[in-house]
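> Dropping a structure here in structure tokens format, bear with me for questions.
The values are calculated or read from the model by the stated rules, or taken from the named source; none is laboratory data. No experiment lies behind these values; they were computed from the predicted model shown. Neighbour counts run over all protein chains shown; Cβ positions are idealised from the backbone, glycine included.
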Amino acid sequence: MARSLAFVFWLCGYAAAAPAAPATELNRIAIHYSYADGDFPAVIRSIDAFARGHATWDRGDSAFIAKHLGVVYAANPDTRERGKYHLLRLLELDPGDDLSDMYVSDEIHDLYQRLRRENEAHLRELAARREAERPAPAPVWRKPWAWGILAAGLAAGVTATLLLTPDGKPRPEYVVR
């Protein structure tokens, strides 16, 4: 009786889902096919399974994940802010990346282009602020090595003068009056 009841639950889709085993590597092809089929929950599940099994991953996987999660979350008005976060992460990872291979709607494409422009303006502002905050270079006479060079030059000049004049007195033909 218990077996038949469990079988009925399984047939009806009420079977308790076993936790998915963590993915060993990111299956980009399966994720992209799920995306192309419009199965956005499967995309999120696949990426979550991969992320649970890995503490770190390479830059290419990070860009792939950010691109797909950004588009998937931005497609839903309820999760649009989360989508913006992932699209900004994509811009940090690969500023030249484009969404043309994702066949996104005009609304998502415009959102991505607006985020790109805002990000570029923000980076220009940060660069200008860092340049303004950079201290002016110190004058040469304030650098310790300049005083060493000056002292060495002065010592060399005095030494040369004393060595080139036999009695330590200047020759009369070189005296300017």
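> Report, by residue number, each residue of the range 118-157 that is surrounded by 10 or more Cβ atoms within 10 Å (Cβ to Cβ), of a type outside the set (A, V, I, L, M) and assigned to a helix (DSSP H, G or I). Let's see the steps before the verdict.
Step one: of the range 118-157, the residues surrounded by 10 or more Cβ atoms within 10 Å (Cβ to Cβ) are 118-129, 140, 143, 146-157.
Remaining after also requiring of a type outside the set (A, V, I, L, M): 118-120, 122, 124-125, 129, 143, 147-148, 153, 157.
Within the range 118-157, 118, 119, 120, 122, 124, 125, 129, 147, 148, 153, 157 meet the criteria.
> Which residue, of 111, 91, 115, 87, is surrounded by 17 or more Cβ atoms within 10 Å (Cβ to Cβ), in contact with an Asp or Glu (Cβ under 9 Å, 6 or more places away or on another chain), in a helix (DSSP H, G or I) and of a type outside the set (Ser, Thr, Tyr)? Before the answer, list the steps.
On the way: 111 fails: in contact with an Asp or Glu (Cβ under 9 Å, 6 or more places away or on another chain); 115 fails: in contact with an Asp or Glu (Cβ under 9 Å, 6 or more places away or on another chain); 87 fails: in contact with an Asp or Glu (Cβ under 9 Å, 6 or more places away or on another chain).
Answer to the selection: 91.
> While we're here: Go through (1) more than 22 Å from residue 120 (Cβ to Cβ); (2) modelled with pLDDT of 85 or more; (3) among the aliphatic types (A, V, I, L, M) and name the single condition residue 55 misses.
Against the list (1) more than 22 Å from residue 120 (Cβ to Cβ); (2) modelled with pLDDT of 85 or more; (3) among the aliphatic types (A, V, I, L, M), residue 55 comes up short only on (2).
> What's the number of the only condition in (1) closer than 30 Å to residue 123 by Cβ; (2) at pLDDT 85 or above that residue 102 fails to meet?
In the conditions (1) closer than 30 Å to residue 123 by Cβ; (2) at pLDDT 85 or above, residue 102 misses (2) alone.
> Between 42, 55, 63, which is within 20 Å of residue 97 (Cα to Cα) and assigned by TED's automatic domain parsing to the domain that holds residue 95? First the steps, then the outcome.
Working: 42 fails: within 20 Å of residue 97 (Cα to Cα); 55 fails: within 20 Å of residue 97 (Cα to Cα).
The match here is 63.
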